[in-house]
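Peer 1: Attaching a single structure in structure tokens format; questions to follow.
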Amino acid sequence: QPQINITDGRLTGFEALIRWQNQERGFVSPLEFIPAAEETGLIIPLGRWVISEACQQLRSMCDSGLIDEDVVMTVNLSVLQFQDDELIHFIQSNLKRYQLKPGQFEVELTETVLMENLEDALKKLEALKALGILISIDDFGTGYSSLGYLKRLPVNIVKVDRSFVMDIPADKEDMEITAAVIAMAHKLNYEVVAEGVETEEQLQFLESCGCDYGQGYYFSRPLPSSELEQFCDEFNLDNIRRASA
């Protein structure tokens with residue numbers, strides 16, 4: 001799913017999302033198969049496959065001239081993936097294989113993943129950041145973290161949960177919460193991605209709050225590779241805004 005720079009309208013990144021279309025069962029929800037993969041340990045090979053595929057696709061689109069060399073691919077990591085001792089080496093080897101800069105790759109974690117073992121998590125985050133790999137926290141503002149905990153994290157980006165964005169502008173409290181979360185993240189020197197952007201009104205509000213990036217159906221639904229390439233080739237935020245007017 002594409003991510004857009006709200007300030008200048010550039011396509012700046014993607015979040016890799018895994019989907020399963022089974023021949024017998026049809027579409028199988030990630031809410032169903034991801035927990036099963038975690039319980040069986042299959043999340044490790046599955047997660048590695050996602051990392052490799054994401055890197056390969058980013059390289060392909062760069063080579064085709066569809067995107068700039070600074071566009072970032074984000075991959076979500078579960079608790080077991082993040083605890084994998086081979087994780088950093090595996091990411092490094094794929095970046096080298098597909099000739100990607102570390103700053104073109106981002107790992108996305110939830111607060112729950114980090115809180116499993118905070119001290120070990122901090123060491124791994126520091127190692128990732130030292131390599132130049134970007135780090136983001138998902139669902140920012142919905143967890144139980146103290147500001148003292150958050151300021152210790154060597155992260156680059158936080159994602160405002162879609163639950164805060166979806167009812168803008170109808171819900172004034174959600175508007176206030178979203179504005180406060182963006183302001184707090186900026187005070188901590190994090191950039192901010194707003195998830196779940198679906199309307200022009202939401203985009204305008206996020207612009208007024210100084211939000212850095214947007215992601216959601218207003219820009220694009222998650223796309224398979226062939227449709228994503230077409231989206232990149234045709235993308236123009238001004239055209240999207242005119243079409244929604």
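Peer 1: Quick one: how many residues across the range 44-56 are in contact with a Leu (Cβ under 9 Å, 6 or more places away or on another chain) and more than 13 Å from residue 18 (Cβ to Cβ)?
Peer 2: Total meeting the criteria: 2.
Peer 1: Restricting to the range 1-41, count the residues that are of a type in the set (Gly, Ala, Ser) and part of a loop (DSSP other than H, G, I, E, B). Full working, then the answer.
Peer 2: Step one: of the range 1-41, the residues of a type in the set (Gly, Ala, Ser) are 9, 13, 16, 26, 29, 36-37, 41.
Of the ones still in play, those that are also part of a loop (DSSP other than H, G, I, E, B) are 9, 29, 41.
Residues in the range 1-41 being of a type in the set (Gly, Ala, Ser) and part of a loop (DSSP other than H, G, I, E, B): 3 in total.
Peer 1: Can I ask one more? Suppose we filter 93, 136 for residues that are small (Gly, Ala, Ser), under 19 Å from the mean Cα position of the chain (by Cα) and under 21 Å from residue 18 (Cβ atoms); which single one remains?
Peer 2: Just one listed residue meets the conditions, 136.
Peer 1: Step by step: first the residues of the range 54-89, then only those that are in a loop (DSSP other than H, G, I, E, B) and under 16 Å from the mean Cα position of the chain (by Cα), then the one that is surrounded by the most Cβ atoms within 10 Å (Cβ to Cβ). Which residue is that?
Peer 2: The extreme case among them is 77.
Peer 1: Out of 155, 107, which single residue is modelled with pLDDT of 95 or more and not in a helix (DSSP H, G or I)?
Peer 2: 107
Peer 1: Looking at the range 179-197, I want the residues that are small (Gly, Ala, Ser) and have a partner that is at pLDDT 95 or above and buried (at least 22 other Cβ atoms within 10 Å of the Cβ) with Cβ atoms under 6 Å, at least 6 apart or on another chain. Which pairs are those?
Peer 2: Once the first residue is small (Gly, Ala, Ser) and sits in the range 179-197, its partners that are at pLDDT 95 or above and buried (at least 22 other Cβ atoms within 10 Å of the Cβ) give 185/192; 194/206; 194/211; 194/214; 196/216.
Peer 1: Okay, moving on. Please go through (1) open to solvent by 30 Å² or more (accessible area, probe 1.4 Å); (2) of a type in the set (Asp, Glu); (3) under 30 Å from residue 20 (Cβ atoms) for residue 195 and return the number of the only condition it doesn't satisfy.
Peer 2: (1)
Peer 1: Give me the residue from the range 189-245 that is among the hydroxyl-bearing types (Ser, Thr, Tyr) and within 28 Å of residue 30 (Cα to Cα) and, out of that set, nearest to the chain's Cα centre (by Cα).
Peer 2: In this case the residue turns out to be 213.
Peer 1: Hey, another quick one. Looking at (1) surrounded by 17 or more Cβ atoms within 10 Å (Cβ to Cβ); (2) assigned to a helix (DSSP H, G or I), can you tell me which one residue 93 breaks?
Peer 2: For residue 93, the failing item is (1).
Peer 1: Restricting to the range 11-41, give me the number of residues that are in contact (Cβ under 8 Å) with a residue 12 or more places away in the chain and either surrounded by fewer than 14 Cβ atoms within 10 Å (Cβ to Cβ) or not small (Gly, Ala, Ser) (or both).
Peer 2: Selection size over the range 11-41: 13.
Peer 1: Give the residue, chosen from 44, 51, that is β-branched (Val, Ile, Thr), surrounded by 20 or more Cβ atoms within 10 Å (Cβ to Cβ), at pLDDT 90 or above and assigned to a helix (DSSP H, G or I).
Peer 2: 51
Peer 1: Quick check on my filter: what residues within the range 209-245 are touching a residue at least 60 places away in the same chain (Cβ under 8 Å), of a type in the set (Asp, Glu) and open to solvent by 80 Å² or more (accessible area, probe 1.4 Å)?
Peer 2: 233, 238
Peer 1: State which residue is nearest to the chain's Cα centre (by Cα) when the search covers only the range 96-123 and only residues that are open to solvent by 70 Å² or more (accessible area, probe 1.4 Å) and within 13 Å of residue 59 (Cα to Cα).
Peer 2: Residue satisfying both the conditions and the ranking: 101.
Peer 1: Okay, moving on. Please verify whether the range 127-138 includes one or more residues that are of a type in the set (Asp, Glu) and modelled with pLDDT of 90 or more.
Peer 2: No, the range 127-138 contains no residue that is of a type in the set (Asp, Glu) and modelled with pLDDT of 90 or more.
The values are calculated or read from the model by the stated rules, or taken from the named source; none is laboratory data. Predicted model only: the values in this text are computed from it and were never measured. Cβ: placed from backbone, ideal geometry, glycine included. Neighbour counts: every protein chain shown. The protein model used for the area step is the full one, side chains on, heavy atoms only, and it has no ligands, DNA or RNA in it. Shrake-Rupley method; radii C 1.70, N 1.55, O 1.52, S 1.80 Å.
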